[in-house]
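**Student:** Sharing a structure with you now.
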């Protein structure tokens, strides 16, 4: 099922705006992420958003799939901030 950002005291969008950096253009995304950073994909679903952590190349490719019509916005976030908000992902981060 993956790992997702679910901050306690703000929205996912607010958290990503505070701690992340938007990736432009999204078509230029590459694996691996910059050193010390983690890629996060904000996905717009019909009734909610999800902030998926691309913790490995396979997960990155799933989020990047052009077969998925949902709107997506990509961020890079420092690894320490990812671990602070989602500690369970630390052991699998590449």
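Derivation of every value follows stated rules applied to the coordinates shown; laboratory data play no part. No experiment lies behind these values; they were computed from the predicted model shown. Methodologically, a virtual Cβ is constructed for each residue, glycine included, from the backbone with ideal geometry; neighbour enumeration extends over all protein chains shown.
**Student:** Given the peptides 5-14, 38-47, arrange them by the average over their residues of other C-beta atoms within 10 Å, most packed first.
**Tutor:** Values: 5-14: 12.6, 38-47: 17.0.
Order by mean packing, descending: 38-47, 5-14.
**Student:** Can you compute the helix-only [θ] at 222 nm over the chain? Use -39500 (n - 2.57) per DSSP H run of at least 4 residues, normalise by all residues, nearest 500 deg cm²/dmol.
**Tutor:** Details: 3 runs with 23 residues, N = 94.
About -6500 deg cm²/dmol.
**Student:** Percent relative contact order of the chain, based on C-alpha pairs within less than 8 angstrom and at least six residues apart? Mind dumping the intermediate values first?
**Tutor:** On the way: 134 pairs, mean separation 35.9, N = 94.
Value for the chain: 38 percent.
**Student:** Step by step: find N for the chain, compute 2.2 N^0.38 Å, then divide the Cα radius of gyration by it. What's the final number?
**Tutor:** Numbers: Rg = 12.2 Å, N = 94, 2.2 N^0.38 = 12.4 Å.
Relative to the rule-of-thumb radius for its length, the chain sits at 0.98.
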